[in-house]
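**Q** Next up is a structure, given as C-alpha cells.
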Amino acid sequence: MNPDEERRLTEFRATVRRWVAENRVDGLPKDGDVWTRDVGPEMAEWLERLRRRGWLCLHWPVEYGGAGMGPLELAVLDEEFAVAGVPRPMLGFGEALVGPAIIAHGTEEQRRRLLPRIVSRQDVYCQGFSEPDAGSDLAGVRTRGIVDGDTLSITGQKTWTSEAHGADMCFVLCRTDPEAQKHQGLTFVLVPMTGNNVEVRPIRQMDGRLDYSEVYFDDSKASIADVIGGLGNGWRVTMTTLGAERSMGYAFRHFEFLDEFRDVLAVVREDGRADDPLVRQGMAEAYTLLEVVRFLGRSRLDRLAEAEPEGPEMIMYKLLWSEAHRRMGEIYMDVVGPRAALRPAGDDYSVDTWHDVLFKGQAETIYAGTSEIQRNIIAERLLGLPRR
C-alpha cells in the first residue's frame, strides 16, 4: 500500500470513529443483517441515520444509492463498527445478491429503478434457487417460466428459501426453455411475493426458528421488464450471484466470530474455568481458527483492492471459514461444560451463543455450496485433478 493510500485510509478511519461516537444508538442488536422490513425501533433509527450518511449498500456505486467503497474501506468501517460494538447492517439478499446481479447484468433502466428500492427497503428479497431435486446441483431446477407477452408465468416449488416469510420479492431461477441443455434455457427473474399466487410454508428448525421455507408458485406473474440478463441467460447471472455470496458478503466473518469468542470467554471466566488447561487449549484452538479466517479474508481483500486475479485463497475461503466455524461450535460446547446442556429460560426456543454457533456452523457447511462441492472445486480447478 502506498503512503497516499495509507494516509487516506487513516483519515477515513478517524471519520468513521468520530461519526459512530456521535450517532450511535443504544439498545441495538448484535446482528446487523436485515432480512425483513419488521425491525425494532432502535434498529430502524440506526438504519435511517446510516441511510442519511450514505452508508448502506457500501460497495454499490454511488449513483445507485450505495457508498462506492472499495474493499479496504469496507474493512476499515467494519472494524471500527465492531470495536464500537454497533452492527454494520447488511440489507439481506437485496444488498448481498440481487444488487450485484443487477449491477453486473441489468440494463441501466433496471439499475436506476430497482437498486434504490433495495436501499430504501421498499423491496425485501428472498432467494428462489434450491428445489427438492436441485440443491447443490442448481442447474437441475424444474420451476417453469412461460413467456406470455410482457409477462412471465412462474410455476414450481422452491425449498430452503431463507427468510421467505418476511420478503415481498423473490429472485427466482426458472427454466424458460425446457428443450435446451441443462445449463441453458434458464432465466433469472424478480417475482412479487404478495397477492401473486405464492404460498410460503415455513420450516421449523431444531432451535424453533423459522428462517427457511418451502415456496410454491402457481402461475405467479413476473414482468419481462424484471428479467435480469435476458431470457435464457439465467445461469450467467446466477454465477455472478453465487460469486457475490461467496466473496464480499463473507469477507469479514472474523468480526462476527470474534464477538462469539468473547461471549464464550466471558462465560468461561464467570464459571472460574479460565485456568483449566483443557479449557485453555480449546479456546486457543478456537482463536487460532478465528485468526486463520482473518488472515485469509485479508488476503482476499488485498487481491480485490489491487484488482488481481483470483488466487488459491479465493477458492478455498468459503470451505475454510465454514468448516472453522463448525469446529468452533463444537469447541464452545466442550469448554462451557455442563451449562451447554441448558438453554435460556423463555417460551421461545432461545439459545445461547455456543448453541447458536453449533447450529449455524453445521448449516454453513451446506449453504452457498456444500463443503463436499467446495472440495470438488478445489480438486478440479486448483489442483487439476480429474473428475471422477
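Yes or no, residue by residue, for (1) more than 28 Å from residue 360 (Cβ to Cβ); (2) touching a Ser or Thr at 6+ places or on another chain (Cβ under 9 Å); (3) not hydroxyl-bearing (Ser, Thr, Tyr):
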site	(1), (2), (3)
130	no, yes, no
141	no, yes, yes
166	no, yes, yes
172	no, yes, yes
181	yes, no, yes
184	yes, no, yes
188	no, yes, yes
193	no, yes, yes
197	yes, yes, yes
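**Q** May I pose another question? Tell me, which residue of the range 87-118 that is of a type in the set (Val, Ile, Thr) and surrounded by fewer than 21 Cβ atoms within 10 Å (Cβ to Cβ) is farthest from residue 10 (Cα to Cα)?
**A** The selected residue is 107.
**Q** Go over the candidates 140, 156 one by one and state the one that is small (Gly, Ala, Ser) and at pLDDT 95 or above.
**A** The unique qualifying residue is 156.
**Q** A follow-up question, please. Report, by residue number, each residue of the range 18-46 that is open to solvent by 90 Å² or more (accessible area, probe 1.4 Å), outside any loop (DSSP other than H, G, I, E, B) and over 22 Å from residue 117 (Cα atoms).
**A** Across the range 18-46, the qualifying residues are 18, 22.
**Q** Could you pull out the residue among 178, 192, 202 that is touching a residue at least 12 places away in the same chain (Cβ under 8 Å), open to solvent by 40 Å² or more (accessible area, probe 1.4 Å), under 24 Å from residue 355 (Cα atoms) and over 18 Å from the mean Cα position of the chain (by Cα)?
**A** After ruling out the rest, the residue left standing is 202.
**Q** Name the residues in the range 120-164 that are among the small types (Gly, Ala, Ser) and closer than 19 Å to residue 212 by Cα, would you?
**A** Passing the criteria: 128, 130, 134, 135, 136, 156, 162, 164.
**Q** Okay, next question. Filter the range 352-388 down to residues that are over 20 Å from residue 137 (Cα atoms) and among the β-branched types (Val, Ile, Thr) and give me whichever is most open to solvent (accessible area, probe 1.4 Å).
**A** 353
**Q** So, in the range 353-370, exactly how many residues are in contact (Cβ under 8 Å) with a residue 40 or more places away in the chain and among the aliphatic types (A, V, I, L, M)?
**A** Of the residues in the range 353-370, 2 are in contact (Cβ under 8 Å) with a residue 40 or more places away in the chain and among the aliphatic types (A, V, I, L, M).
**Q** Among the helices (runs of 4 or more DSSP H) contained in the range 47-155, which hold 2 or more residues that are more than 30 Å from residue 377 (Cα to Cα)?
**A** 71-84, 108-119
**Q** Same structure, new question: Please work out which residue is modelled with the lowest pLDDT, limiting yourself to the range 353-369 and to residues that are assigned to a loop (DSSP other than H, G, I, E, B) and touching a Lys or Arg at 6+ places or on another chain (Cβ under 7 Å).
**A** Once the filter is applied, the top-ranked residue is 368.
**Q** Hey, another quick one. Tally the residues that are farther than 17 Å from residue 142 by Cα, part of a strand (DSSP E or B) and among the charged types (D, E, K, R), restricting the search to the range 198-220.
**A** Qualifying residue count, the range 198-220: 2.
**Q** Looking at the range 337-351, which of its residues are surrounded by 16 or more Cβ atoms within 10 Å (Cβ to Cβ) and without any contact (Cβ under 8 Å) to a residue 60 or more places away in the chain?
**A** 340
The values are calculated or read from the model by the stated rules, or taken from the named source; none is laboratory data. Computed from a prediction, not measured in an experiment: that's the story for all the values here. Here the Cβ is made from the backbone with ideal geometry for all residues, glycine too, and neighbour counts use every protein chain on show. Accessible surface areas use protein heavy atoms only, side chains included; no ligands, DNA or RNA. Shrake-Rupley method; radii C 1.70, N 1.55, O 1.52, S 1.80 Å.
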